[in-house]
Amino acid sequence: MKSNNKYIVKALMAFGLVAGMSSCEDFLNREPMSTISPEAYFSSAAQLEANLNDEYPNVLPAYGGWDYGIFGEDKGTDNQVEANANDRYTLDRWRVPHEESDNWKFERIYRINFFLSQALPKFGTDISGAQNTISGDVSSVKHYIGEMYFLRAYEYFKKLQLFGDFPIIKAPLADDMQTLAAASQRSPRNEVARFIISDLDSAYLYMSDIDMATTRVNKDLAMLVKSRVALFEATWLQNFNGTAFVPGGPGWPGEQLYSGYAYPSGSIENEVRYFLEQAVESSRMVADKYKGQLTQNTGVLQQSVDDPVNPYYEMYASEDLSSVPEILLWRQYARGLSTHNINAAAGRGNYRIGLTRGFVQNFLMKDGTPVYTHGTYAEGDGYYMGDEVMNNVIVNRDSRLAIFLKVPGQTNILYELDNNEGTEMVMTEPYPLITSGDAERAYATGYTIRKGASFNRKHYANGGGYTAAVCFRAVEALLNYMEASYLLNGSLDATAREYWTLIRQRACMDTDFDKTIALTDMSKEAENDWGAYTAGQILEDKTLYNIRRERRCEMMAEGLRYMDLRRWRSMDQLINTPYHIEGMHLWNTPMEAWYDNEDGTSSLIADGSSTANVSSPDRSEYLRPFEKNSTQAAFDGCTWKMAHYLYPIMVKQFQLVEAAGVDVLYQNPYWPVVADQPAEQ
């Protein structure tokens, strides 16, 4: 049976070669697949669990995958930026790769398919497990199979976001290049989304008999992710209708394979409705269960060991989240075994990733009113205190900003002050080090997030942090329901209003969101928020906009922002009107004096030269991290190309499929099939 298993692995690797997987040596040398027969290995619940454990860190979000942002996919948006602009906001720096390890990669999908191809026949076709031959507790066996369905769905959702149309592969394939090349045929994106939802439904059914610890995937998480996927696809189809980015749209490249494409539901409008209904149903299942268990927020940042602990803050800074009902999945770390550097990053300048001025201004006042109803952004009216002194920015504001935006003078470390494990911490928050060139300690925008920063010194060992990573929170289900039900019905139903009230209560804000909606000025919001746009036009629907705003503020730095901006089609306006990313109010404020040398001269260099450390006041009184000198990407503002909503497929993939004599592959809209070339439009 060893030879049979090697044949399967060889087949997987052959397809991986077509698909741009990792090297043969890396893959074929992995245990146990290359040396132990599947009959022997997939024969017990413990073996299924061990196989799953190997996939968890490769598929699910975690620190490292989220980067130091704190959570990757929020950086490089209008929420958070690094010191240099992302290539996607330039005209020619994002180019088609010839070969890229993470582009069009199938390794995880095929490992999951191999698991299912071995476990399902042994369990039996009946979901009850009536024919099960796998030893161990039947409920556990079912749960592990359900987990693998979830992991396949989640991996496919990543591909849907990156590429849209994508091959649907459900089983290991034979070692035949014609077969493997033919399997590269992309399925229309809505069918990929339907496949993902089907896998999540299977995951839910298989996992329904047992509740595992929340360090493992569970049935509630399957429904949460189902609502995320369904909402993503519904809004994508709705907002890109009439473009090349939806099946059957004008210029859709899939037309060469699916001429006259017909949606399963009959039309794109019906398809949108189908996905919205799926999102509403699945999100409500989770939201109703957890709406009364949202983590308490005192609204106050703890600044003394004698102050009450704020559970909402500690949710991102604790070692163990097993007792936090709102957390549906978290990743555990351990001293000396599995560690990260999130605390050290968040305790300083967050590795030169800063919040933007637009994001900070977008947060409401504590009474639910927009900031611009209280004087100018710079000076305020006494309730809003203005931004000429950074500490004033958080006064009387939404508590989510007040507790997670660092300001000078705050105490960063409260516990175990003499614990020498902590080597990379700043005890008291300094003024932002915007002039520093240190890649680890500099502040990109002056506005820096403290989300994820522990108050205990022991967590600040260089590279040795071991606080838990929050992967999924139940509050997202409330937000998903609010948006999906509003889009489906055109109004806020009683359930959506209840959920919104609960979220605002937890944020320690006035719960009268109707007042917020009435006072919303979309022209003002468009200055601060890309989400105020769809298809290059400012939203007219102020209710929909405020649902988007609530999501932006509640899920800050949790990796959803770039996904949301793409599905809302919120970057078109950058094509004709470049956007200037800004940070703190620097020039003509008392904060200029922070950067005076001992002799009274300023350390600020704003002459546009290669040695400039800040942007010129001639460009703006606000710090512009991308505009210190003209050699920087996005020096003249962040721009956009329509092609950038999807990733290009690497050229090597086309070459391999063409060599097999199979013409089934097409490039994404406006990307060429030529290496090292930018998008056409």
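Assorted remarks:
- G531, sole failed condition from (1) open to solvent by less than 20 Å² (accessible area, probe 1.4 Å); (2) free of Cβ contacts under 8 Å to residues at least 12 places away in the same chain; (3) of a type outside the set (A, V, I, L, M, F, W, C): (2)
- Count - residues of the range 414-431 that are open to solvent by less than 50 Å² (accessible area, probe 1.4 Å) and touching a residue at least 60 places away in the same chain (Cβ under 8 Å): 4
- A222 vs. criteria within 18 Å of the chain's Cα centre (by Cα), buried (at least 21 other Cβ atoms within 10 Å of the Cβ) and over 30 Å from Q537 (Cα atoms): yes
- The set of residues from the range 500-528 being open to solvent by less than 40 Å² (accessible area, probe 1.4 Å), farther than 26 Å from P311 by Cβ and in contact with a Phe, Trp or Tyr (Cβ under 7 Å, 6 or more places away or on another chain) comprises T520, M522, E525, A526.
- Here R569 fulfils each of the conditions (1) farther than 30 Å from K289 by Cα; (2) assigned to a helix (DSSP H, G or I); (3) in contact (Cβ under 8 Å) with a residue 40 or more places away in the chain apart from (2).
- Test result for I327, modelled with pLDDT of 95 or more and closer than 30 Å to E55 by Cβ: yes
- All conditions in (1) outside any helix (DSSP H, G or I); (2) open to solvent by 10 Å² or more (accessible area, probe 1.4 Å); (3) of a type outside the set (S, T, N, Q) hold for V217, with the sole exception of (2).
- Any hit, the range 493-503, residues being basic (K, R) and not in a helix (DSSP H, G or I): no
- Flag for G380 being part of a loop (DSSP other than H, G, I, E, B), open to solvent by less than 50 Å² (accessible area, probe 1.4 Å), over 28 Å from T215 (Cα atoms) and not charged (D, E, K, R): yes
- None of G242, G266, G251, G299 is at positive phi, surrounded by fewer than 17 Cβ atoms within 10 Å (Cβ to Cβ), touching a residue at least 60 places away in the same chain (Cβ under 8 Å) and not acidic (D, E) except G251.
- Filter pass, N297 being touching a helix residue (DSSP H, G or I) at 6+ places or on another chain (Cβ under 6 Å) and under 30 Å from E429 (Cβ atoms): yes
- Test for Y666: is it touching a helix residue (DSSP H, G or I) at 6+ places or on another chain (Cβ under 7 Å), over 16 Å from R88 (Cβ atoms) and outside any helix (DSSP H, G or I): yes
- Here the range 133-168 is the region considered, the condition is being open to solvent by 40 Å² or more (accessible area, probe 1.4 Å) and part of a loop (DSSP other than H, G, I, E, B), and the residue that is nearest to I196 (Cα to Cα) is I168.
- Hits in the range 385-413 - residues which are open to solvent by 50 Å² or more (accessible area, probe 1.4 Å) and in contact with a Gly (Cβ under 8 Å, 6 or more places away or on another chain): N391
Here is a yes/no grid of residues against (1) touching a Gly at 6+ places or on another chain (Cβ under 9 Å); (2) of a type in the set (G, A, S); (3) within 30 Å of Y290 (Cα to Cα):
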| position | (1), (2), (3) |
| --- | --- |
| D510 | yes, no, yes |
| Q537 | no, no, no |
| R551 | yes, no, yes |
| E554 | no, no, yes |
| Y562 | yes, no, yes |
| W587 | no, no, no |
| M591 | yes, no, no |
| T601 | no, no, no |
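The values are calculated or read from the model by the stated rules, or taken from the named source; none is laboratory data. Small disclaimer: the values here were computed from a predicted structure and weren't measured. FYI the Cβ positions are ideal-geometry reconstructions off the backbone, even for glycines, and counts take in every protein chain you see. When the accessible area is computed, the model is the full protein with side chains, heavy atoms only, and any ligands, DNA or RNA have been set aside. Shrake-Rupley method; radii C 1.70, N 1.55, O 1.52, S 1.80 Å.
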